[in-house]
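Undergrad: Below is one structure. I have some questions about it.
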Amino acid sequence: MKILIYNDKTGVRGGTETYVNSIKKALENRDYTVDRLTIDVRDYSQFGNSRFPIFHKFRDGLFYKKNVGEAILKKIEEFKPDLIHINNNAYFTTTILQVANRCNIPALQTIHDYRLIPKAGENALARWIKKIRLNIVKKRTTHFIAPSYKFEKILKEHGVGNTTYIPHYIELDKWETDQEYTRKKQILYIGRLEVVKGIFVLFDAWKQIAAEFPEYQLLFIGEGGESDNLAKAIKENELGRQTKLLPFKPQAVIKEYLYSSALIVVPSAYREMFGLIGLEAFACGIPVIASDVAGIPEWCIHEKTGLLTKMEDVEELAAAMKRLLNNPQLADELKKNAHVFLHQEHDKAKALDILAGVYESLQ
């Protein structure tokens, strides 16, 4: 069976790219013939350098884009896939679906974020546009994969019945190790430096407790549009000695930080589909505090595999951080539970067996 895997970003900067790279290699090991097509938005859209980026994002996401369609069709004619596995919902989704339908090729789509789904608080125009796009995607997608129980339920509430839940997993051999590490007095944030990721919620919580833990440092590792504002906030609050901004790091370096730090915080302030960093933290034996939002509670089970706090609740986050830093016995218990949970509930072989079953059912 020939599978064409499609996504819209090169490199590895997030969970989608990690997933795509992993399943391509794993499927090849299972004797599938696999190729990958990446239509990078930076090469095919004016979104990044336009005076009207919202307009281009709207057009690229909702309407057929000719140059993208031609690139996809060329790849299909060269590779002749039996199935296209789509992994994006921000740009060019309707284009890839239209080409797949025209070529009579089943289109399977793993949903990696909530951008398809209207949300409370959005203006009427945004909700209307999302409803239109969701209806197009529903009509043209042969089958959906949801990586969280909650999102599978949400899809079904929006009339998407052709959905299979497949849990995310990580490459355990890349994260687990027998090497001995010394835990430094470091607290980690790893991810995009954006408001929706909760970086300022975390910083505000840190402001409340930094003086109580003068020997600790908070490290923000990542890149994003709020890096300058975060640096400014650190300087204004005179926390430069205890708070560091570090650029995006490759996986091997992230692993070193996870093994050599005391705590990681995932303070998401929006609908996080899942959050692979949680599974990576579990593998590396570092305790986790995370926001009680969207798919996160499926892996960060409060008082069992980690501590949950209300989204954007600075006081509760500060209290949770203090609690774990002052209670090494609780931290050890959470780490042990998380390691067992990771192996039992997010097994790579089981997830790939389900995926292979979906592929075969769509032939």
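FYI, it's all coordinate maths here, none of it is from the lab. Because the structure is a prediction, the values reported are computed rather than measured. Backbone-built Cβ (ideal geometry, glycine too); neighbour counts: all protein chains shown.
Undergrad: Can you give me the distance in nm between label points at Glu28 and Arg59, each placed 7 Å from the Cα along the Cα-to-Cβ direction?
TA: Label at Glu28, label at Arg59, 3.7 nm between them.
Undergrad: With contacts defined as alpha carbon pairs under 8 Å and 6 or more residues apart, what's the relative contact order of the range 172-345 in percent?
TA: Once normalised by length, the contact order is 23 percent.
Undergrad: Around Leu37, which amide H atoms from residues at least 5 apart in sequence, or from another chain, sit under 5 Å from its own amide H, with H modelled in the peptide plane?
TA: Ile5, Tyr6, Asn7
Undergrad: I'd like the Kirkwood hydrodynamic radius of the chain, using the inverse of the mean 1/r over distinct C-alpha pairs, in Å.
TA: Hydrodynamic radius (Kirkwood, Cα only) of the chain equals 21.7 Å.
Undergrad: Next up: Sequence-distant or interchain residues sharing an amide H contact under 5 Å with Leu263, placed H: which?
TA: Gln186, Leu188
Undergrad: What number, rounded to the nearest 500 deg cm²/dmol, is the helix-based mean residue ellipticity at 222 nm of the chain, given -39500 (n - 2.57) per DSSP H run of at least four residues and division by all its residues?
TA: -14000 deg cm²/dmol
Undergrad: Counting pairwise Cα distances across the range 172-345, what percent come out greater than 20 angstrom?
TA: Value for the range 172-345 (Cα pairs over 20 Å): 48 percent.
Undergrad: In addition: List, in order, the whole-Hz ³J(HN,Hα) value for each residue of the range 111-122 obtained from phi through the Karplus relation with A = 6.51, B = -1.76, C = 1.60 and θ = phi - 60°; use x for Gly and Pro.
TA: In residue order, the calculated couplings are 8, 9, 7, 9, 5, 6, 9, x, 10, 4, x, 6 Hz.
Undergrad: Taking DSSP loops as anything outside H, G, I, E and B, show the longest stretch in the chain free of trypsin sites (Lys or Arg not before Pro) there with at most 11 other beta carbons within 10 Å.
TA: Numbers: sites that count: Arg51, Arg241.
It works out to 52-240.
Undergrad: Highest GNM mean-square fluctuation, the chain, Cα pairs closer than 10 Å: which of Ala349, Ala100, Ala262?
TA: Ala349
Undergrad: Mind jotting down the distance between the C-alpha centroids of the range 83-142 and the range 154-183, whole Å?
TA: 22 Å
Undergrad: Test of understanding: given the chain, find the longest segment containing no GluC sites (Glu not before Pro) that are in a DSSP loop and have at most 12 other Cβ atoms within 10 Å.
TA: Of all site-free stretches, the longest is 1-121.
Undergrad: Sketch the reach of a paramagnetic label on Asn67 as a point 7 Å from Cα along Cα-to-Cβ, and name the residues of the range 80-103 whose backbone nitrogen lies under 15 Å away.
TA: 92
Undergrad: Of Thr110, Thr182, Thr243, which has the largest mean-square fluctuation in a 10 Å C-alpha GNM of the chain?
TA: Between Thr110, Thr182, Thr243, it is Thr182 that shows the largest mean-square fluctuation.
Undergrad: Also, quick follow-up: Near the amide H of Ile301, under 5 Å away, which other amide H atoms are found, from residues 5 or more places off or on another chain, if H is placed in the peptide plane?
TA: Amide H neighbours of Ile301, under 5 Å, 5+ apart: Gly306.
Undergrad: Below 8 Å, C-alpha to C-alpha, sequence gap of six or more: please give me the relative contact order for the chain in percent.
TA: Rounded, it is 14 percent for the chain.
Undergrad: List the lysines whose Cα lies under 23 Å from the Cα of Lys207, skipping any in the same chain that are fewer than 8 positions away.
TA: Candidates past the 8-residue exclusion: Lys184, Lys185, Lys197, Lys232, Lys235, Lys244, Lys310, Lys322.
Undergrad: Based only on Cα atoms, what mean projected area does the convex hull of the range 74-193 have, in nm²?
TA: Across all orientations, the range 74-193 yields a mean hull projection of 11.9 nm².
Undergrad: In whole Hz and in residue order, list the ³J(HN,Hα) couplings for the range 295-312 that follow from phi through the Karplus curve 6.51 cos²θ - 1.76 cosθ + 1.60, θ = phi - 60°; x for Gly and Pro.
TA: Values, residue by residue: x, 4, x, 6, 10, 8, 8, 4, 6, 10, 9, x, 10, 9, 10, 4, 4, 6 Hz.
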